[in-house]
Each structure stands twice: as C-alpha cells, then as structure tokens.
Amino acid sequence: MPFTQNIPRGLEAGTNIIINANIKDKADKFIVDLGASGDLAFHFNPRFNEYGKKVIVRNSRIRNKWGQEERDLARFPFMAGQPFQMRIQCTDKMFQVFVNNNHLLDFKHRMANLRNIDKLSIFNDVTLSQVNIIPA
C-alpha cells in the first residue's frame, strides 16, 4: 500500500523525517517523495536491478517538468529482505540522507519555499514499520 502523510506546516531547516522499513524479498524499487501541491521537491528512488545495476535516482519535478537526474553514488546501502532506517534531514540548502546512521547523499534544494513541501509519500517494495516527522 502506498503511504502518504501530510506535513501540516511544511518543512523548514532542521526538520527530520525518519523512516523505518523492511525491503521486500524480491524488491525491484521503492520511492520516497517529498511533494508540494503537485510538484516533487525531492524524488528518491532506489532501483535494485536497472539493467543489472543498483542505482539510486534522485530528482525533482516542478510544474510537470522533471529536472536533471542525479545517479552517481559510491555505494548502495539497501538489501532485499533487510530492514533499514533512513533519515532525511532538511537544511536551508539541501536534503541530507542518512541510511542506518551513515551519510549517503546530499540533494540541493530546487524549490525555494520549504514551507510549501507538505506531503510525504512512500511506495513500492517496502513494508513500513514507523515514520516520524520531527519538526525543527
């Protein structure tokens, strides 16, 4: 089932989103989106088998137009059938992503007003155990 949670006052620097989940045994991909009235401020998409490779695609979609994909990463911390904790920390300049307490990547903000980012969606091949949005 897709998971969607509203963020009533939107994001601000210092907000943390903590996701505890388990990846399904035969996972293909999962998606974490931070949205703002139809736009996607941050699209986080680990893919377990994209032409034989594991990749984490990051992007944004503003006014129905996808931005430049970011794909390069030194490591892929997710394993099918295994639990993980992911923390997305919002700063004034970027989203910082940590997996199992290890820094994974930074994604610079492409949407100026963080307060407009008011929806969290998680879907595809994960089973959620807990999601917390901790305000600044």
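Restricted to segment 53-92, and to residues there that are among the basic types (Lys, Arg) and in contact with a Phe, Trp or Tyr (Cβ under 8 Å, 6 or more places away or on another chain), the residue that is farthest from ASN22 (Cα to Cα) is ARG58. Every condition in (1) in contact with a Cys (Cβ under 6 Å, 6 or more places away or on another chain); (2) surrounded by fewer than 18 Cβ atoms within 10 Å (Cβ to Cβ) is met by LEU11 except one, and the failing one is (2). Of the listed requirements (1) modelled with pLDDT of 95 or more; (2) at negative phi; (3) not acidic (Asp, Glu), GLY14 misses just one: (2). Scan segment 69-92 and report the pairs whose first residue is closer than 24 Å to GLU12 by Cα and in contact (Cβ under 8 Å) with a residue 60 or more places away in the chain and whose second residue is in a loop (DSSP other than H, G, I, E, B) and among the hydroxyl-bearing types (Ser, Thr, Tyr), with Cβ atoms within less than 6 Å and a gap of 6+ or a chain change. Partner pairs satisfying both residue conditions: CYS90/THR15.
Applying a threshold of 7 Å to beta carbon distances and a minimum spacing of six or more residues, or different chains, the list of pairs starting in segment 108-136 at a residue that is of a type in the set (Gly, Ala, Ser) and ending at one that is surrounded by fewer than 16 Cβ atoms within 10 Å (Cβ to Cβ) and not in a strand (DSSP E or B) reads SER121/PRO2; ALA136/GLU12; ALA136/ALA13; ALA136/GLY14. Filtering segment 1-44 to residues that are in contact with a strand residue (DSSP E or B) (Cβ under 9 Å, 6 or more places away or on another chain) and of a type in the set (Asp, Glu) leaves GLU12, ASP28, ASP33, ASP39. What are the residues in segment 1-25 that are more than 14 Å from the chain's Cα centre (by Cα) and in a strand (DSSP E or B), if any? Within segment 1-25, ASN6, ASN22, ILE23 qualify.
The values are calculated or read from the model by the stated rules, or taken from the named source; none is laboratory data. These numbers were taken from a predicted model, which means no experiment stands behind them. No Cβ is skipped: glycine too gets one built from the backbone with ideal geometry, and neighbour counts run over all protein chains shown.
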